[in-house]
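The next block holds one structure in the form of structure tokens; read it before the comments.
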Amino acid sequence: MIYLDNAATTLPKPSGVLEAIENALAECGNAGRSGHQAAMKSAEVLYHCRDMIGRMFGQDNPEQVVFTLNTTHALNLVIKSVMREGGHCVISGYEHNSVVRPLHAMQRNGVTYSVVRTPLFDPGSFLEEFEKLIRPDTICAVCTHVSNVFGYIFPIEQIDKICAKHGVKLIVDAAQSAGCIPIDCKKFSSLAALCAPGHKGLYGPQGTGVLICGDEMKWYPMMEGGTGSNSLSLEQPDFLPDLLESGTQNVHGLAGLAAGVEYVLSCGEDEILRHEQELIGYAAKELAKIPRFRVFNGEPQAGVLAFVDEWLSAEEITDFLGEKGIAVRGGLHCAPLAHQTVGTSSGCVRISVSSFNTFGEIEAVCDVLKEL
């Protein structure tokens with residue numbers, strides 16, 4: 001199989017990830033529930049993972065690193081904390097349903113939101129329109145760092161400056177950028193939180209995610225329960241990470257996540273991005289030679305490339321490639337807003353690469369598509 005669906009989840013995983021999971025399954029008990037060796041080993045695994053995540057994203061306090069099930073879980077936690085009392089939110093026209101659906105559901109609580117609809121690969125236009133949509137009642141802004149459909153890299157540093165200027169909190173969805181674009185949370189002035197998956201560019205297992213908490217945030221848990229701390233009180237602990245982490249942690253998965261982060265740091269995020277951009281640039285050049293194809297390629301772009309065919313649907317092309325042993329994703333990619341913004345409402349085919357993909361694989365896929 002040639003696997004080019006890494007924007008959904010990376011495959012394969014580094015060998016160290018598999019080894020870390022196996023070791024945790026053999027050695028780890030339940031962290032924070034006792035003082036015996038297996039429980040303490042589990043606590044060490046969790047702390048090590050928090051420390052590695054904090055190191056990668058510039059969060060010096062590991063207690064500000066909260067583990068979640070995935071990016072969607074993290075985004076829901078922060079959106080429903082920031083917008084708890086209502087107010088207005090500004091989002092890009094390329095957001096995933098994990099942003100749009102919570103905001104839509106919270107409209108009954110007085111939440112409103114505006115969408116910045118600007119062309120692909122035009123950050124200047126985006127920044128101009130983004131600032132225009134900020135209102136006196138704007139509480140926060142949510143922006144994907146990299147579009148999961150088109151690979152478009154958003155200028156989050158400049159967005160942060162605009163938010164700080166207007167006293168607006170910024171929520172960053174790093175689902176497609178974590179692990180390939182360096183992010184230093186200390187350099188952000190308005191950051192409420194950064195949300196990232198463990199199973200994509202950090203090369204961890206599914207069922208893992210992280211929420212990097214801003215320093216000046218009031219958090220509201222989505223559930224309460226056992227934390228291993230303050231057990232006598234019926235009140236949920238008011239300190240992080242316990243406030244947002246109830247129940248037994250996915251220690252085995254987080255052991256694998258820590259190993260995935262170690263792999264990324266050893267390779268270098270800049271080097272991973274360079275490799276992915278070279279693969280995508282080559283694919284875009286070759287696919288543009290097919291007259292029926294419309295290829296969405298530009299600058300700045302990460303390791304994601306989308307295209308549409310004048311004759312065949314995205315699903316037909318995806319099925320055809322699947323029969324040839326090539327894994328890509330076709331359809332709306334859980335981001336219909338992005339397709340509405342660009343004008344691909346019937347969906348598109350998405351190729352997404354990782355550090356493990358090769359030019360030979362991309363060349364083979366392009367040859368199959370040319371035959372089609």
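The values are calculated or read from the model by the stated rules, or taken from the named source; none is laboratory data. Quick caveat, the model's predicted, so the values are computed rather than measured. In this analysis, Cβ positions are derived from the backbone assuming ideal geometry, glycine residues included, and neighbour counts consider all displayed protein chains. Just so you know, the surface numbers come from the protein's heavy atoms only, side chains and all, with ligands and any DNA or RNA stripped out. Shrake-Rupley method; radii C 1.70, N 1.55, O 1.52, S 1.80 Å.
Of the residues making up the stretch 315-360, just one is assigned to a strand (DSSP E or B), over 27 Å from PRO14 (Cβ atoms) and either among the hydroxyl-bearing types (Ser, Thr, Tyr) or open to solvent by 10 Å² or more (accessible area, probe 1.4 Å) (or both), namely GLY330. Of the residues making up the stretch 250-293, those that are more than 30 Å from GLY32 (Cα to Cα) and open to solvent by 60 Å² or more (accessible area, probe 1.4 Å) are SER266, ASP270, GLU271, ARG274, GLN277, GLU278, TYR282, LYS285, ALA288, LYS289, PRO291.
Look at the stretch 18-35: where a residue is within 14 Å of GLN249 (Cα to Cα) and of a type in the set (Lys, Arg) and a partner is at pLDDT below 95 and part of a loop (DSSP other than H, G, I, E, B), sitting 6+ places away or on another chain with Cβ atoms under 7 Å, you get ARG33/GLY228. Of all residues in the stretch 65-94, those being under 28 Å from VAL342 (Cβ atoms) and open to solvent by less than 10 Å² (accessible area, probe 1.4 Å) number 12. For the stretch 119-160, a residue qualifies if it is part of a loop (DSSP other than H, G, I, E, B), closer than 27 Å to PHE307 by Cβ and either in contact with a Lys or Arg (Cβ under 7 Å, 6 or more places away or on another chain) or open to solvent by 10 Å² or more (accessible area, probe 1.4 Å) (or both), and the qualifying residues are PRO119, LEU120, PHE121, ASP122, ASN148, VAL149, PRO155. For VAL100, the criteria (1) within 16 Å of CYS163 (Cβ to Cβ); (2) assigned to a helix (DSSP H, G or I); (3) among the β-branched types (Val, Ile, Thr) hold in every case but one, which is (1).
Annotation note: Cβ proximity below 8 Å between a residue of the stretch 295-318 that is among the charged types (D, E, K, R) and a residue that is open to solvent by less than 10 Å² (accessible area, probe 1.4 Å) (sequence gap 6+ or interchain) occurs for ASP309/ILE317; ASP309/VAL349; GLU315/GLY331; GLU315/GLY347. Evaluated against (1) without any contact (Cβ under 8 Å) to a residue 12 or more places away in the chain; (2) among the acidic types (Asp, Glu); (3) in contact with a Ser or Thr (Cβ under 9 Å, 6 or more places away or on another chain), ASP238 falls short on exactly one condition, (3).
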